[in-house]
Amino acid sequence: MPTAPVRRVPGRLLAPDPGWSTTADVVVVGSGIAGLTAALRLRGQVDKILVVTKDVLAAGSTQWAQGGIAAALGPGDSPEEHEVDTLVAGAGACDAKAVRVLVTEGPEAVRELIALGTNFDHDPDGELSLTREGGHHRDRIAHAGGDATGAEIQRALIAAIEQAPEIEVIQHALAVDLLLADDGGVAGLTLHVMGEGQRDGVGAVHCRAVVLASGGLGQVFSQTTNPSVSTGDGMAVALRAGAVLRDLEFVQFHPTVMYLGPDSHGQQPLISEAVRGEGAVLVDSEGNRFMQGVHELADLAPRDVVAKAIMRRMMETGEPHMWLDATHLGAAFWERRFPTILATCRRYGVDPVTDLIPVAPACHYASGGVHTDLWGRSSVPGLYATGEVACSGVHGANRLASNSLLEGLVFSRRIAQVLPGELRPLQPPAPDTRTAGLVPGAVRRELQEAMTSRVGVLRNAGGLAEAAGILDKLAGVTAETVDQQSWETTNLLTISTALADAAALREETRGSHWREDFPERDDERFSGHLDVVMDDGTTTLELR
Ligand code: SIN
């Protein structure tokens with residue numbers, strides 16, 4: 001294995017000294033399914049819970065989830081079968097114990113979500129309606145509003161939070177950095193709040209534990225299904241505080257993201273795998289069904305297999321996208337089952353009732369993140385992580401469809417089981433000797449383009465080295481203004497640097513990590529995980 005180069009990025013974010021301060025027992029960073037579940041389950045067990053979120057409560061990725069939430073809830077299904085599908089998709093890189101937790105606790109966790117008031121879709125006979133997505137051998141995806149599962153879950157969770165006045169919420173609050181005690185554990189965090197009355201600007205929250213539930217890193221790439229808030233903040237905050245990050249190279253590219261042209265940038269419309277679950281098929285411009293013969297599940301093969309097959313066909317034909325044919329579903333079915341996707345396609349001038357949908361892979365999900373144990377504990381005392389920001393080990397090298405909402409739900413419940421008994425005393429922060437720095441928001445586009453063209457679906461040593469060179473150069477550009485754009489861009493740079501280095505070190509193809517120059521899986525050299533740690537802005541990578 002090549003040795004990881006030494007990289008320099010800011011050891012902490014440059015920010016003004018806190019102008020206000022407050023205390024809490026637990027601060028939950030993020031307000032999707034993971035964050036709000038953690039807060040609700042901690043209620044009554046700890047005194048003061050503060051939820052902070054970078055935008056409004058509903059702005060994160062949960063809201064955008066279409067397909068649904070996977071759990072062995074149907075007749076004939078079992079956690080064991082869900083476990084097998086999850087492990088197969090993960091391509092030998094899952095933590096088997098974490099997967100077992102996910103699939104065995106999943107059904108009960110979903111039933112609790114229903115009890116909380118989430119309205120999942122039901123069949124005419126009154127049974128929970130379950131569908132299938134890529135990599136699943138059973139119908140086990142519960143969905144809501146047809147294709148608006150995340151929005152319905154988010155609605156139910158926000159309604160529950162609104163009924164819980166003991167949980168304080170601060171919106172428009174970016175987590176800047178953790179405050180660390182003498183023992184290296186959590187003493188609090190600094191926040192930047194925009195326009196919340198007395199709590200405006202940078203402030204310090206002194207607390208006994210922090211639960212990171214701040215989502216993923218999709219904005220590292222030029223095209224992603226993730227909303228604009230997904231800038232890897234939680235991962236970067238944890239890394240700067242000394243937490244171990246794991247499996248960063250395993251970034252999932254969703255195969256069927258609507259192609260809006262070469263200049264389209266930022267969040268792109270997802271065409272849920274559930275559309276293929278209902279029988280839609282992928283075709284090239286000549287109408288050939290190119291997934292046939294690639295995998296026994298054809299168009300419903302695991303996501304990495306489909307994304308790679310699309311990319312291969314795009315390269316063979318020189319076309320910038322392939323096509324999804326869902327015309328056989330008919331207008332009535334489209335309107336009932338996929339109203340959100342139907343409306344989105346029509347907004348972009350494509351009527352999927354009669355037209356093929358142009359699709360191409362785009363960044364969708366970070367399978368890696370802050371390494372946690374089976375109870376959501378990170379390697380920093382008092383710091384927990386759950387949901388996409390975490391790497392609990394359930395996804396391995398490639399997440400199984402609709403396991404993401406489930407992961408946030410299950411592991412947040414687990415955190416709430418252990419955290420109250422592990423609360424640290426409130427401690428003063430130790431002097432922060434990390435080197436502060438900031439890159440300007442203006443370098444974001446160049447960073448995203450370097451990551452997309454060289455660290456995207458297809459990777460090779462030359463491209464990865466070029467990306468590392470560009471990132472090194474960008475790390476040397478100093479921000480002239482201290483603002484949210486610069487903080488987020490510095491977080492993107494920090495995570496991109498570690499991600500690109502991990503991708504260069506993993507000289508094999510596994511799951512969502514596709515090396516053109518090492519096309520085979522290499523269990524002899526790479527059956528372990530790549531862990532990254534940082535000490536005052538210097539990153540180190542190790543294969544464990
Ligand atoms: C989809 O609906 O295709 C996305 C579901 C997921 O990311 O698991």
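The values are calculated or read from the model by the stated rules, or taken from the named source; none is laboratory data. Treat the numbers as computed from the prediction; the structure is a model and nothing was measured. Because the Cβ atoms are built from the backbone with ideal geometry, glycine has one as well, and the counts that use them run over all protein chains shown.
Looking only at segment 111-161, how many residues end up being among the polar types (S, T, N, Q), buried (at least 18 other Cβ atoms within 10 Å of the Cβ) and more than 16 Å from the ligand (Cβ to nearest atom)?
Filtering segment 111-161 down to residues among the polar types (S, T, N, Q) leaves 118-119, 129, 131, 149, 154.
Now narrow it down to the ones that are buried (at least 18 other Cβ atoms within 10 Å of the Cβ): 118, 129, 131, 149, 154.
Filter once more, keeping what is more than 16 Å from the ligand (Cβ to nearest atom): 118.
Residues flagged as among the polar types (S, T, N, Q), buried (at least 18 other Cβ atoms within 10 Å of the Cβ) and more than 16 Å from the ligand (Cβ to nearest atom) within segment 111-161 amount to 1.
Across segment 162-179, what is the total count of residues that are surrounded by fewer than 20 Cβ atoms within 10 Å (Cβ to Cβ), among the acidic types (Asp, Glu) and either assigned to a loop (DSSP other than H, G, I, E, B) or touching a Leu at 6+ places or on another chain (Cβ under 6 Å) (or both)?
2
Residues to consider are Gly293, Gly234, Gly197; find the one that is away from the ligand (no atom under 16 Å from the Cβ) and either crowded, with 24+ Cβ neighbours inside 10 Å or hydrophobic (A, V, I, L, M, F, W, C) (or both).
Gly234
Of all residues in segment 209-231, which are within 14 Å of the ligand (Cβ to nearest atom) and either under 24 Å from Arg434 (Cβ atoms) or assigned to a loop (DSSP other than H, G, I, E, B) (or both)?
Once the filter is applied, which keeps residues that are within 14 Å of the ligand (Cβ to nearest atom) and either under 24 Å from Arg434 (Cβ atoms) or assigned to a loop (DSSP other than H, G, I, E, B) (or both), segment 209-231 yields Gly215, Gly216, Thr225, Asn226, Pro227, Ser230.
Among the residues of segment 306-326, which ones are within 16 Å of the ligand (Cβ to nearest atom), out of contact with any helix residue (DSSP H, G or I) (no Cβ under 8 Å at 6 or more places or on another chain) and in contact (Cβ under 8 Å) with a residue 60 or more places away in the chain?
Of everything in segment 306-326, just one residue is within 16 Å of the ligand (Cβ to nearest atom), out of contact with any helix residue (DSSP H, G or I) (no Cβ under 8 Å at 6 or more places or on another chain) and in contact (Cβ under 8 Å) with a residue 60 or more places away in the chain, namely Ala307.
Out of all the residues in segment 14-29, is one or more touching a helix residue (DSSP H, G or I) at 6+ places or on another chain (Cβ under 8 Å) and of a type outside the set (A, V, I, L, M, F, W, C)?
Looking for residues that are touching a helix residue (DSSP H, G or I) at 6+ places or on another chain (Cβ under 8 Å) and of a type outside the set (A, V, I, L, M, F, W, C), one finds none in segment 14-29, hence no.
Got at least one residue in segment 289-302 being of a type in the set (Gly, Ala, Ser), assigned to a helix (DSSP H, G or I) and either under 20 Å from Arg132 (Cα atoms) or touching a residue at least 60 places away in the same chain (Cβ under 8 Å) (or both)?
Looking for residues that are of a type in the set (Gly, Ala, Ser), assigned to a helix (DSSP H, G or I) and either under 20 Å from Arg132 (Cα atoms) or touching a residue at least 60 places away in the same chain (Cβ under 8 Å) (or both), one finds at least one in segment 289-302, hence yes.
Does segment 444-453 contain at least one residue that is away from the ligand (no atom under 16 Å from the Cβ), under 19 Å from the mean Cα position of the chain (by Cα) and either within 30 Å of Ile114 (Cα to Cα) or not in a helix (DSSP H, G or I) (or both)?
There is no residue in segment 444-453 that is away from the ligand (no atom under 16 Å from the Cβ), under 19 Å from the mean Cα position of the chain (by Cα) and either within 30 Å of Ile114 (Cα to Cα) or not in a helix (DSSP H, G or I) (or both).
Among the residues of segment 130-144, write down those that are modelled with pLDDT of 95 or more, of a type in the set (Gly, Ala, Ser) and part of a loop (DSSP other than H, G, I, E, B).
Ala144
If we scan segment 454-463, do we find a residue that is in contact with a Pro (Cβ under 7 Å, 6 or more places away or on another chain), β-branched (Val, Ile, Thr) and at pLDDT 95 or above?
No: zero hits.
Checking the condition part of a helix (DSSP H, G or I) and closer than 13 Å to Ile495 by Cα, which residue from Ala238, Ala274 passes?
It is Ala238.
Report, ordered by the first and then the second residue, all pairs with beta carbons closer than 6 Å, sequence separation of six or more or different chains, a first member in segment 120-140 that is over 28 Å from Glu296 (Cβ atoms), and a second member that is outside any loop (DSSP other than H, G, I, E, B) and within 16 Å of the ligand (Cβ to nearest atom).
Within 6 Å, the pairs are Phe120/Ala142.
Which residue out of Val46, Val99, Val56, Val88 is farther than 25 Å from Thr256 by Cβ and within 16 Å of the ligand (Cβ to nearest atom)? Spell out the reasoning first.
Working: Val46 fails: within 16 Å of the ligand (Cβ to nearest atom); Val56 fails: within 16 Å of the ligand (Cβ to nearest atom); Val88 fails: farther than 25 Å from Thr256 by Cβ.
Residue meeting the stated conditions: Val99.
Does Glu81 meet the test of being assigned to a helix (DSSP H, G or I), of a type in the set (Asp, Glu) and touching a residue at least 60 places away in the same chain (Cβ under 8 Å)? Spell out the reasoning first.
Working: assigned to a helix (DSSP H, G or I): yes; of a type in the set (Asp, Glu): yes; touching a residue at least 60 places away in the same chain (Cβ under 8 Å): no.
No; evaluated as a whole, the condition is false for this residue.
If Pro255 passes every condition in (1) within 16 Å of the ligand (Cβ to nearest atom); (2) of a type outside the set (D, E, K, R); (3) assigned to a loop (DSSP other than H, G, I, E, B) but one, which one does it miss?
Only one criterion is unmet by Pro255, namely (3).
It is to be established whether one or more residues within segment 264-276 are among the charged types (D, E, K, R), surrounded by fewer than 24 Cβ atoms within 10 Å (Cβ to Cβ) and either within 12 Å of the ligand (Cβ to nearest atom) or under 14 Å from His321 (Cα atoms) (or both).
No.
Return the only residue of Thr497, Thr509, Thr540 being more than 18 Å from Phe253 (Cβ to Cβ), of a type in the set (S, T, N, Q) and surrounded by 17 or more Cβ atoms within 10 Å (Cβ to Cβ).
Within the list Thr497, Thr509, Thr540, the selection yields Thr497.
Mind checking which residues of segment 26-75 are of a type in the set (S, T, N, Q), surrounded by 24 or more Cβ atoms within 10 Å (Cβ to Cβ) and part of a helix (DSSP H, G or I)?
Taking segment 26-75 as the starting set, the residues that turn out to be of a type in the set (S, T, N, Q) are 31, 37, 45, 53, 61-63, 66.
Cutting the leftovers down to surrounded by 24 or more Cβ atoms within 10 Å (Cβ to Cβ) gives us 31, 37, 53, 61-62, 66.
Listed by number, the residues that qualify are Thr37, Thr62.
Looking at segment 475-487, which of its residues are touching a residue at least 12 places away in the same chain (Cβ under 8 Å) and surrounded by fewer than 23 Cβ atoms within 10 Å (Cβ to Cβ)?
If the condition is that a residue be touching a residue at least 12 places away in the same chain (Cβ under 8 Å) and surrounded by fewer than 23 Cβ atoms within 10 Å (Cβ to Cβ), then Ala475, Val477, Thr478, Ala479, Glu480, Thr481, Val482, Asp483, Gln484, Gln485 are the ones that fit.
Checking Asp182 against (1) in a loop (DSSP other than H, G, I, E, B); (2) touching an Asp or Glu at 6+ places or on another chain (Cβ under 7 Å); (3) surrounded by fewer than 24 Cβ atoms within 10 Å (Cβ to Cβ): exactly one of these is not met. Which one?
Condition (2) is where Asp182 drops out.
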